[in-house]
Amino acid sequence: MNQNKQPGMSLIVQTVARWLKGFIFLYGVYIIFYGHLSPGGGFAGGVIVASTFVLLTLAFGKERSLGKLGKLLASELDSLGALMFLLIAVLGIAWGRIFFLNFIEKAVPTGNFKLFSAGIIPLCNVAIGIKVAASLFMIFIILAVIRVQEVKGRRRLVTTEKRRKE
């Protein structure tokens, strides 16, 4: 048995994941930004972006993945997405006394079928995309790190994560 085995899957899977990660991530960002013009939006794009990080975690192992985007950063991005969404809604109150007022379209009317032709909807899609991507990746990491083990006849949650020495 080989003691120098790298974590993760085979070299073929890692190579394909390295090739595809950028395309999958870029497609997710495209779906987020152009969700108001085509099927998609923040949720669908966020799921695609999260699948990029899930693919990297499965291909290279959780240690490498947690080193790049850990639970703390995923939690912060999750909160940032919710805060952005709330801020967009409150800006409608500040602009015209209506919650979720489309203040961009009122200030700068644009033509149809352009990136900001929908006013605040692309911004809401970005906020939702960040929140969904971070939440799904955080759920995946928690499921990958925590195990249920039976200790002295009782089931306990046990982490498989290596503790960092301070």
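The values are calculated or read from the model by the stated rules, or taken from the named source; none is laboratory data. Quantities reported herein were computed from a predicted structural model and do not represent experimental measurements. Here Cβ is always computed from backbone atoms with ideal geometry, including for glycine, and neighbour counts include all displayed protein chains.
A compact table of results
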| item | result |
| --- | --- |
| Only listed residue being surrounded by 12 or more Cβ atoms within 10 Å (Cβ to Cβ), closer than 24 Å to residue 17 by Cβ, in contact with a Leu (Cβ under 7 Å, 6 or more places away or on another chain) and at pLDDT 85 or above, chosen from 130, 139 | 130 |
| Scope segment 19-47; condition free of Cβ contacts under 8 Å to residues at least 60 places away in the same chain, under 18 Å from residue 137 (Cβ atoms) and among the small types (Gly, Ala, Ser); matching residues | 22, 44 |
| Of residues in segment 19-46 being hydrophobic (A, V, I, L, M, F, W, C) and crowded, with 21+ Cβ neighbours inside 10 Å, the one farthest from the chain's Cα centre (by Cα) | 31 |
| Check on residue 135, touching a residue at least 24 places away in the same chain (Cβ under 8 Å), assigned to a helix (DSSP H, G or I) and hydroxyl-bearing (Ser, Thr, Tyr) | yes |
| Lone unmet requirement of (1) at pLDDT below 90; (2) part of a helix (DSSP H, G or I) for residue 81 | (1) |
| Subset tally (residues that are modelled with pLDDT of 85 or more and part of a helix (DSSP H, G or I)) for segment 19-71 | 34 |
